[in-house]
Amino acid sequence: MAQKKPTLHFVITAGGTREYLDPVRYISNASSGRMGYALAHAALKAGHKVTLITAPTALTPPRGADVVSVVSAADMAAAVKKYFNRCDGLIMAAAVADYTPVEKAKVKTKKEKGLLTLRLEPTEDILAWAGRHKKKQFVIGFALEDCDLKANAEKKLYSKNADMIIANTPAAIGGDSSCVYLKTPHTGWTKLQDKKDRLAKLIIRSVVGLI
Ligand code: CTP
């Protein structure tokens, strides 16, 4: 009889982080969080434990997930670091802001005449941190590319020392369906195209097969 795989603990990040300039204004991106939430749902349905680290979204987290709500890239980095040691797999589906304002005003900034220049500093690359610190954990990154999809995604796979990269295009943002390409350091590209919930199920299935 085939051995049943033990329950795994996935840490899944989702949503677009917000980098506040002042109490009411922020820099963010167009991520809806749907892929991350669909992955969390699929992992739970397959019987696994899920810690969902989520930036603000309009979505309801799947029942059964341990939800950690964060706002900025720095908050998300701290939450991932807190849960990483105890997980079997990290899926970085979040759209983490690459830059954050150097100055964060404590009160709403007043409008002035003329140009406004913002100074931004790089955020920590959470996926690369996980790639450097992993022991037994399987680390999965997403790569959103609008040109040279496979070549650019492959660079991220190796430079961030991930165990799998899932490449897609900006066409995936906000939509119901998506087309993604999966690659590990040991295998070629696999194309998957489906509704996001079905796609999530296929991704979880292939990840579980590799852990
Ligand atoms: N990522 C991360 N921390 C960041 C930025 C990105 O962990 N500060 C993760 C994302 O969650 C994703 C992967 O890195 O899993 C690739 O993100 P992407 O935005 O496609 O690429 P970047 O590394 O940000 O590079 P670029 O924007 O130049 O394509």
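The values are calculated or read from the model by the stated rules, or taken from the named source; none is laboratory data. Only a predicted model underlies this, so the values are computations on that prediction, with no experimental measurement involved. With ideal geometry, Cβ positions are generated from the backbone for all residues, glycine too; neighbour counts draw on all protein chains shown.
Quick rundown of the values:
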{"read-out": "Condition met for residue 167 (under 13 Å from the mean Cα position of the chain (by Cα), more than 21 Å from residue 76 (Cα to Cα) and more than 8 Å from the ligand (Cβ to nearest atom))", "value": "yes"}
{"read-out": "Subset tally (residues that are in contact with a Ser or Thr (Cβ under 9 Å, 6 or more places away or on another chain) and either among the acidic types (Asp, Glu) or under 26 Å from residue 153 (Cα atoms) (or both)) for the stretch 89-124", "value": "15"}
{"read-out": "Answer from 107, 71, 67 - the residue that is away from the ligand (no atom under 11 Å from the Cβ), in a strand (DSSP E or B) and more than 13 Å from the chain's Cα centre (by Cα)", "value": "67"}
{"read-out": "Given (1) farther than 16 Å from residue 13 by Cα; (2) among the β-branched types (Val, Ile, Thr); (3) surrounded by fewer than 13 Cβ atoms within 10 Å (Cβ to Cβ), number of the condition residue 60 does not satisfy", "value": "(1)"}
{"read-out": "Residue within the stretch 89-96 that is out of contact with any Phe, Trp or Tyr (no Cβ under 9 Å at 6 or more places or on another chain), within 22 Å of residue 37 (Cα to Cα), modelled with pLDDT under 95 and aliphatic (A, V, I, L, M) present", "value": "no"}
{"read-out": "Total residues in the stretch 74-104, condition among the small types (Gly, Ala, Ser) and assigned to a strand (DSSP E or B)", "value": "2"}
{"read-out": "Considering residues of the stretch 150-180 that are among the aliphatic types (A, V, I, L, M), outside any strand (DSSP E or B) and at pLDDT below 95 only, the residue surrounded by the fewest Cβ atoms within 10 Å (Cβ to Cβ)", "value": "171"}
{"read-out": "Restricting the stretch 133-148 to residues that are within 12 Å of the ligand (Cβ to nearest atom) and surrounded by fewer than 17 Cβ atoms within 10 Å (Cβ to Cβ), the residue that is nearest to the chain's Cα centre (by Cα)", "value": "146"}
{"read-out": "Residue list for the stretch 111-149, filter: assigned to a helix (DSSP H, G or I) and over 17 Å from residue 170 (Cβ atoms)", "value": "126, 127, 128, 129, 130, 131, 132, 133"}
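Residue-wise test of (1) closer than 28 Å to residue 58 by Cα; (2) touching a residue at least 40 places away in the same chain (Cβ under 8 Å); (3) away from the ligand (no atom under 13 Å from the Cβ); (4) surrounded by fewer than 16 Cβ atoms within 10 Å (Cβ to Cβ).
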{"residue": "81", "(1), (2), (3), (4)": "yes, yes, no, yes"}
{"residue": "100", "(1), (2), (3), (4)": "yes, yes, no, no"}
{"residue": "121", "(1), (2), (3), (4)": "yes, no, no, yes"}
{"residue": "127", "(1), (2), (3), (4)": "yes, no, no, no"}
